[in-house]
Amino acid sequence: MDPTAEALIDRLVGAWADVAREAIHQRGVFHAALSGGSTPKPFYEKLGTDLRCSDHWLHTHIWVVDERRVSQDDQRSNFRMIRHALIDPAHVAGERVHPVPVSDDDPAAAYEAQLRRVFQARRGVPRLDFVLLGVGDDAHTASLFPGSPAQSAKGWVANNEGPSVTPPPRVTMTYRLLNGAREIGVLVTGSGKAGVLRRVAQQLREHGPDPVALPITGVQPTAGRLTWYLDAAAASGLSPKTSS
Ligand code: 6PG
């Protein structure tokens, strides 16, 4: 692995530990929402190794940012990857693990009901403590694809499919839920992402967010913090002013 990617993952493990400690100290519980894709796997593995014996898992809830509507044994399942890389090694107890109920008729409504129940949310959007996002080559994040219906969804979770969504059909947390998080980390590694990051940085610098064309630019925390975690290869197309 690129040494800057390794250092980045260590920083992210440190950020996770800090946010978890603070959340548990303040509220007695830590809610994390994790993305799939290939980029975060080494981070989840490191987290499961470095913090394996930590007590914070006893107070940690794991949610899934977005999911493909496939079975949990399917290679394309985000939950499958997260379970193997993190949940199983860290022994996070089943009652605090929240896979998306993909086989439900309306998984978005069912997941939203689960969030409402666990957060005991009567009004207002639940505040996730830590959200980890990635960025696709087309600048999608979560399963919010350019020009796709879920981008304008009013709820906390949306089903997303159609011509603008890379198959299979998806279920995704919406901007409304994601942007309410206390801490959002966007992890991007590898030279293959340099081009999309350059476009995103240019858009933000020159015109501001354009969530329809570049969904990641719609991630704008309402009261939390957004941190970009980029390795040298991913950041190689950015000017020094915009690199992390
Ligand atoms: C998914 C993700 C998605 C991901 C990006 C980047 O289910 O695909 O949650 O939003 O973060 O597509 O994916 P890679 O890490 O594989 O490049």
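The values are calculated or read from the model by the stated rules, or taken from the named source; none is laboratory data. These numbers come from a predicted model, not from an experiment. Neighbour counts run over all protein chains shown; Cβ positions are idealised from the backbone, glycine included. Ligands, DNA and RNA are stripped out before the accessible areas are found, and what is left, the full protein with its side chains, is counted by its heavy atoms. Shrake-Rupley method; radii C 1.70, N 1.55, O 1.52, S 1.80 Å.
Data for the structure
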| read-out | value |
| --- | --- |
| Region 78-227, relative contact order [Cα under 8 Å, separation at least 6], % | 24 |
| Protein accessible area in region 142-236, 1.4 Å probe - carbon and sulfur % | 54 |
| Within the chain: Cβ-based charge dipole about Cα centre, in debye rounded to nearest 20 (Lys, Arg +1; Asp, Glu -1) | 600 |
| Tail beyond 28 Å, pair distance distribution of the chain (Cα, percent) | 27 |
| Set of aspartates and glutamates with alpha-carbon distance to LYS46 below 18 Å, sequence-local pairs under 8 removed | ASP2, GLU6, ASP10, ASP18, ASP55, ASP88, ASP231 |
| Positive dipole terminus of the chain, leading residue within HIS31, ASN179, LEU230 (C-beta point charges) | ASN179 |
| Unit charges on C-beta of K, R, D, E only; dipole of region 106-244, Debye | 500 |
| Within a Gaussian network of the chain (alpha carbon springs, distance under 10 Å), most fluctuating of GLY192, GLY48, GLY180 | GLY192 |
| Efficiency of FRET from Cβ geometry, ARG11 and ARG116, R₀ 30 Å, rounded to 0.05 | 0.35 |
| Surface accessible to a 1.4 Å probe, VAL19 within the full protein complex, Å² | 30 |
